[in-house]
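Worksheet: the structure to be examined is printed underneath.
No lab work stands behind these numbers, since they all come straight from the coordinates. Because the structure is a prediction, the values reported are computed rather than measured. Counting neighbours? That spans all protein chains shown, and the Cβs are built from the backbone with ideal geometry, glycine included.
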Amino acid sequence: SAVISQKPSRDICQRGTSLTIQCQVDSQVTMMFWYRQQPGQSLTLIATANQGSEATYESGFVIDKFPISRPNLTFSTLTVSNMSPEDSSIYLCSVAGGSSGANVLTFGAGSRLTVL
Amino acid sequence: QQQVKQSPQSLIVQKGGISIINCAYENTAFDYFPWYQQFPGKGPALLIAIRPDVSEKKEGRFTISFNKSAKQFSLHIMDSQPGDSATYFCAAGPVNKLTFGTGTQLKVEL
């Protein structure tokens with residue numbers, strides 16, 4: 001299956017700042033996604049990162065708060081903007097396609113953000 | 001958003017016992033039903049998945065039972081081991097828009 005590397009693995013941020021999370025995949029993949037996992041909670045899809053075009057956001061998530069880039073088939077970034085303590089979560093990059101297979105969703109290890 | 005209801009929230013099983021986790025979904029258009037295992041500090045890892053055209057799938061000690069008419073599916077872990085202690089998430093949907101259950105914390109005791 002695809003190997004996904006996320007950076008940073010964890011960070012502590014100050015309220016009002018922004019942080020960019022990077023996701024690198026070891027093979028070209030058709031689909032890349034960003035999920036959020038709040039403390040002790042389930043996973044919620046934030047958006048689909050579309051290569052060469054604007055991301056597709058799920059209800060409750062907006063581009064101004066979570067801008068996403070996907071310049072090629074192996075890389076994406078998620079920025080959490082103007083952070084507040086409510087943004088403290090694990091942010092997970094996931095992919096489908098490529099060496100994982102089109103019908104399998106593979107997750108990275110996640111980026112654990114704590115906002116003070 | 002379509003819900004996926006998962007139960008129980010937590011489960012304690014003796015070593016060698018059977019762990020059973022249940023999920024129910026609403027949207028009959030869902031066509032992919034995976035189970036993920038997550039250890040602390042790690043991302044979710046795909047454990048086993050099923051499509052709605054079969055009623056059961058087994059991989060080693062892990063079995064998914066699927067009831068299309070009831071819109072329910074369950075994970076059975078046979079001969080549960082302490083190493084199985086983790087959080088388990090069910091999910092449903094198309095792979096590009098999965099809806100996840102709330103998770104079950106499984107603890108397997110010696």
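Taking 8 Å as the Cα distance limit and 6 or more residues as the minimum spacing, I'd like the relative contact order of chain B as a percentage. Provide the component values of the computation, followed by the final result.
Details: 278 pairs, mean separation 41.5, N = 110.
In percent, rounded to a whole number, it is 38.
Principal axes first, then extents: for the Cα atoms of the protein assembly as shown, list largest minus smallest coordinate on each axis, whole Å, largest first.
So the extents along the principal axes, rounded to whole Å, are 48, 36, 31.
Semi-axes of the equivalent ellipsoid of chain A: what are they in whole Å, largest first, if each equals the square root of 5 times a C-alpha gyration tensor eigenvalue? Write out the running numbers ahead of the final one.
Working: eigenvalues 103, 41, 31 Å².
Here the semi-axes work out to 23, 14, 12 Å.
Tell me, what HN-Hα J-couplings in whole Hz come from the Karplus equation 6.51 cos²θ - 1.76 cosθ + 1.60 at θ = phi - 60° for each residue of the stretch B:31-40, using x for Gly and Pro?
10, 8, 9, x, 10, 10, 10, 10, 9, x
State which entries of B:LYS15/B:LYS107; B:LYS15/B:LYS42; B:LYS42/B:LYS68 exceed 21 angstrom in Cα-Cα distance in the structure shown.
B:LYS15/B:LYS42; B:LYS42/B:LYS68
Highest mean first, how do B:90-97, A:75-82, B:45-52, B:10-17 rank when packing is the count of other Cβ atoms within 10 Å averaged over residues?
Working: B:90-97: 20.9, A:75-82: 19.1, B:45-52: 16.4, B:10-17: 13.2.
The most tightly packed comes first, giving B:90-97, A:75-82, B:45-52, B:10-17.
List, in order, the whole-Hz ³J(HN,Hα) value for each residue of the stretch A:24-36 obtained from phi through the Karplus relation with A = 6.51, B = -1.76, C = 1.60 and θ = phi - 60°; use x for Gly and Pro.
Coupling constants for the stretch A:24-36: 10, 10, 7, 8, 5, 10, 6, 10, 10, 9, 10, 10, 10 Hz.
What percent antiparallel are the DSSP beta bridges of chain B, to the nearest 5? Display every interim value, and only then the final one.
Working: 35 of 40 bridges.
Antiparallel bridges: around 90 percent, rounded to the nearest 5.
Given Cα pairs under 8 Å that are at least 6 residues apart, what percent is the relative contact order of chain A? The partial results should precede the final answer.
On the way: 303 pairs, mean separation 43.2, N = 116.
Result for chain A is 37 percent.
How much of the DSSP beta bridge set in chain A is antiparallel, as a percent to the nearest 5? Could you put the intermediate results ahead of the total?
Working: 34 of 38 bridges.
Taking every DSSP beta bridge within chain A, about 90 percent pair in antiparallel fashion.
Give the order of A:GLU86, B:GLU26 when sorted by the count of other beta carbons within 10 angstrom, beginning with the fewest. Write down the numbers at each step before the final one.
Details: A:GLU86 8, B:GLU26 13.
Least to most surrounded, the residues fall as A:GLU86, B:GLU26.
Calculate the radius of gyration of the Cα atoms of chain B to one decimal place, then report Dmax, the largest Cα-Cα distance, as a whole number, both in Å.
Both quantities, over Cα of chain B: 13.2, 41 Å.
When the Karplus curve 6.51 cos²θ - 1.76 cosθ + 1.60 is applied with θ = phi - 60°, which whole-Hz ³J(HN,Hα) does each residue of the stretch A:110-116 get, with x for Gly and Pro?
Running phi through 6.51 cos²θ - 1.76 cosθ + 1.60 with θ = phi - 60° gives x, 10, 8, 9, 10, 10, 9 Hz.
Under the classification rounded if a/c is under 1.5, otherwise prolate if a/b is larger than b/c and oblate if not, where does the stretch B:35-95 fall, given a ≥ b ≥ c as square roots of the Cα gyration tensor eigenvalues? If you can, show how the numbers build up before the last one.
Values: a/c = 2.41, a/b = 1.48, b/c = 1.63.
Because a/c hits 1.5 or more and a/b fails to exceed b/c, the stretch B:35-95 counts as oblate.
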